[in-house]
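The values are calculated or read from the model by the stated rules, or taken from the named source; none is laboratory data. Keep in mind the model is a prediction, meaning the values are calculated, not measured. Cβ placement follows ideal geometry from the backbone for every residue including glycine, while neighbour counts extend to all protein chains displayed.
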């Protein structure tokens, strides 16, 4: 999805309705900062807000996701393109998660092997320290790369307000997690919870 194009379209439709960002936000029971993010291409409306937004702007969901008014002839073609884009986005997110897991496993094995070699074989003290240091760099460097890859795979959804967001690297790495959730602070409502991973934006 072209977030910049969708954002410009939301702004254009809002202005055609003679609505301020605050007035549109009040209609949807959200903050005007959220509307501003959409219009600046820095986020997408959550699924739960798409239909109310479309009703407020007198557009269809297909037009919203396309970022433009659609003629009758273009409508079906654009609907198919939007569905394929969502499917592709989900597949790319799954691949990033798989790659992240592979990188984490390989680096942990490699780093552990270096640390083990330093303790098993006879060698100078400086060489032993070097191997241990190298092993730790490989482990932590690999885990950082794995986390960066996984962080780019989709978004997280707040349990309280259903806002979807991409966390900062620091919050992502520090947050306790399970396979499908991570403890994060929502930038929209400010509450902390185990946010569920979503494979699309």
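Annotations
- Residue in the stretch 121-138 that is part of a helix (DSSP H, G or I), outside the structural domain of residue 85 (by TED's automatic domain parsing) and either at pLDDT 85 or above or touching a helix residue (DSSP H, G or I) at 6+ places or on another chain (Cβ under 7 Å) (or both) present: no
- Members of the stretch 60-81 found to be over 26 Å from the mean Cα position of the chain (by Cα) and either modelled with pLDDT of 85 or more or buried (at least 18 other Cβ atoms within 10 Å of the Cβ) (or both), listed by number: 69
- If the condition is being touching a helix residue (DSSP H, G or I) at 6+ places or on another chain (Cβ under 8 Å), touching a residue at least 12 places away in the same chain (Cβ under 8 Å) and either assigned to a helix (DSSP H, G or I) or more than 26 Å from residue 199 (Cβ to Cβ) (or both), then the stretch 38-51 contributes 38, 39, 49, 50.
- The set of residues in the stretch 150-170 being within 11 Å of the chain's Cα centre (by Cα) and assigned to a helix (DSSP H, G or I) consists of 150, 151.
- Scan of the stretch 52-65 for residues that are free of Cβ contacts under 8 Å to residues at least 60 places away in the same chain and in contact with a helix residue (DSSP H, G or I) (Cβ under 7 Å, 6 or more places away or on another chain), ordered by number: 52, 53, 54, 56, 57, 59, 60, 61, 62, 64
- Condition met for residue 176 (touching a strand residue (DSSP E or B) at 6+ places or on another chain (Cβ under 6 Å) and exposed (fewer than 15 other Cβ atoms within 10 Å of the Cβ)): yes
- The requirement of being at pLDDT 80 or above and under 21 Å from residue 196 (Cβ atoms) is not satisfied by residue 150.
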